[in-house]
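The values are calculated or read from the model by the stated rules, or taken from the named source; none is laboratory data. Just so it is clear, the structure is predicted and the values come from calculations on it, not from any experiment. Here the Cβ is made from the backbone with ideal geometry for all residues, glycine too, and neighbour counts use every protein chain on show. Ligands, DNA and RNA are excluded from the accessible area calculation, which covers all protein heavy atoms including side chains. Shrake-Rupley method; radii C 1.70, N 1.55, O 1.52, S 1.80 Å.
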Amino acid sequence: MRRAKQLLLHTSAMTATSLLMRTIALVFQVYVAGKIGAAGIGLFQLVMSVYTLATTVAVSGVRLAATRLIAQQTGRGDDAAIRRATGCAMGYAAFFGMAALLLLYYLAPAAAAWVGDDRIILSLRVLAFALPFVAASGAMGGYFIAMHQSVKMSLVQLSEQFIRIGCTVLALLRLGGYGLEYACGALTLGMLASEVFSFLALLLLLLASLPRRKGRCRTPMLPSLLRITVPLSLSSYARSALSTAQHLLVPRGLRLFGGGAQAALAAYGVIQGMSLPILLFPAALIAVIADLIVPELTEAQVQGRLRGLGYMLERLYRLGLFFSMAVAGACFFFAHPLGELIYSEPAAGQYIRLLAPLVPIMYMDTLVDGMLKGVGEYRANMRYNIIDAATGLLLVWLLLPRYGVAGYLFSISATELLNFALSAARLTRVTVFRLQPLCWLLTAAAAVGGWWLLRLIFGRLLSRTGQPLILLLLVVLYLACYGAALLLCGALRREELSWLFSLLRGEKSPKT
């Protein structure tokens, strides 16, 4: 029960911080979109696609490896081994971070040639200098998650967000008037400053929190670290390269379909830089749980206490499904006013509605991936991600020149469904966990039933969704109607509510 309550407290704190960060980021994204337009957002998304591949090389699996390795030593209570594992992870991160810096800096022109737009070279070379700091922060992040000190990391990330925004605004004021190339360069300068700040802050916290008990660990940690990082890195390189190639091909495919370069960048920017951030905004809760259950499951494996934790994870999974379906319903039924009010862009609302039915799949895939990593199935997880990325690349290559945006939306849907199906099937094979398809059906019915109840009771308000406060009120009322529909159809059981309330009150649950 103590473990369950500790996980709930960490989840609550990190989710609150993450939601605040995403709110700030979304407001800032709206500001940036107003400054550089949809085409500028599209160009910046191309920069970020290449940078994501570079960060994959820089991190090279060190965050998950550090989390698992340090969690194993935490489960054994070996402070000296914790210090040694942390130092090993930091050395590993320094090596790969510097290697990634050199690769991105000198290969930036080649990436620009592949994209067909030299304007990304400046931004990529600025971001190259952030990679060593990203890698080291990843290693330290693994330590804080393994040591159940993730709240410290969240506070640093929140501060990092303010540093990034402040530096970016200053850089945009100086450079934004010189065209999209320098506007994107201003965005990357803000990112570089925030990564340096994050590294320094995490380093100070790490030095203050490392266990101080005397003792010396003679067990070499590098072989154990490499056993995790080598297969993880190789598969993540492949997956990230395929994913980057897929994103870089999207504007090309849209141009071949019949639009100009600016129109292709604008469509890509609306989908990737406007619509998907809205859909994924509430995913902070799922992402936090997926991170925090990795060390919990690892320690449970070492200590042999899987029964109670399995019960807790099943409850969290069901509650996560209820949450993700609520987000899907709200985004689907209020898509157009959301797009208009946030971005003043009608196309954003259209794409939000088209992609909203995928939200439960995307959210629950994130949760299932965290469970697989926690029980040591990270190789299977990465294998499925490679299959996902390769399928996406093939679909983008074949469909976009013929079907345009419709082909791109189909490729997103197909790959999300494929990844979730493979991961869920693996989880049911290696654990006693079951996915409960009836619960999915009942929850989807409750999402539709909640809308029906809202129209029945508050139908007059629906004509005023263009007003921000009315829209917010209607979303809250929809969620209340959805919750009532969950109870009426029997999807949400009294047992789950009692379990959650018992955690909040600190009472003992016989099954946990």
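Overview of results
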read-out: Net charge over other residues, Cβ less than 10 angstrom from the Cβ of F420 (K, R count +1; D, E count -1); value: -4
read-out: Kyte-Doolittle mean at least 0.0, axial Cα span of 30 Å or more - DSSP H helices of the chain; value: 2-59, 79-115, 150-175, 180-209, 222-257, 306-333, 378-403, 405-430, 437-458, 468-489
read-out: Expected 222 nm ellipticity per residue - DSSP helices of 4 or more, -39500 (n - 2.57), all of the chain, to 500; value: -29500 deg cm²/dmol
read-out: Extension gain from V27 to D118, taking 0.36 nm per residue of separation minus the Cα-Cα distance; value: 29.9 nm
read-out: Fraction of accessible area attributable to carbon and sulfur, the range 389-440 (%, probe 1.4 Å); value: 72 percent
read-out: Listed residues R84, R212 arranged by accessible area, highest first, probe 1.4 Å; value: R212, R84
read-out: Whole-percent carbon and sulfur share, accessible surface of the range 14-144, 1.4 Å; value: 69 percent
read-out: Relative contact order [Cα under 8 Å, 6+ residues apart], the chain, whole percent; value: 19 percent
read-out: Highest average packing first - 392-398, 341-347, Cβ atoms within 10 Å; value: 392-398, 341-347
read-out: Where Rh is the Kirkwood radius over Cα pairs, Rg/Rh for the range 353-463; value: 1.09
read-out: Computed over the range 317-452: relative contact order in percent, which uses C-alpha pairs under 8 Å that are six or more apart; value: 27 percent
read-out: Average accessible area per residue (Å²) across the chain - probe 1.4 Å, nucleic acids and ligands excluded; value: 43 Å²
read-out: Relative contact order (percent, whole number), the range 124-233, Cα cutoff 8 Å, 6+ residue spacing; value: 33 percent
read-out: Difference of contour (0.36 nm per residue) and Cα-Cα distance, L488 to I470; value: 3.8 nm
read-out: Largest-first ordering by accessible area, 1.4 Å probe, given options F323, F144, F257; value: F257, F323, F144
read-out: Other-chain or far-sequence residues with amide H under 5 Å of E345's (modelled H); value: E340
read-out: Gain upon complete extension [H336, L20; 0.36 nm per residue less C-alpha separation]; value: 111.4 nm
read-out: Whether the range 175-258 is rounded, prolate or oblate, judged on the alpha carbon gyration tensor where a/c under 1.5 counts as rounded; value: oblate
read-out: Reference-scaled alpha-carbon Rg (2.2 N^0.38 Å with N residues) for the chain; value: 0.98
read-out: Separation of the M98 and L394 label points, Cα + 7 Å toward Cβ, nm; value: 4.1 nm
read-out: Distance (nanometres) between label positions extended 7 Å along Cα→Cβ at R429 and T219; value: 3.0 nm
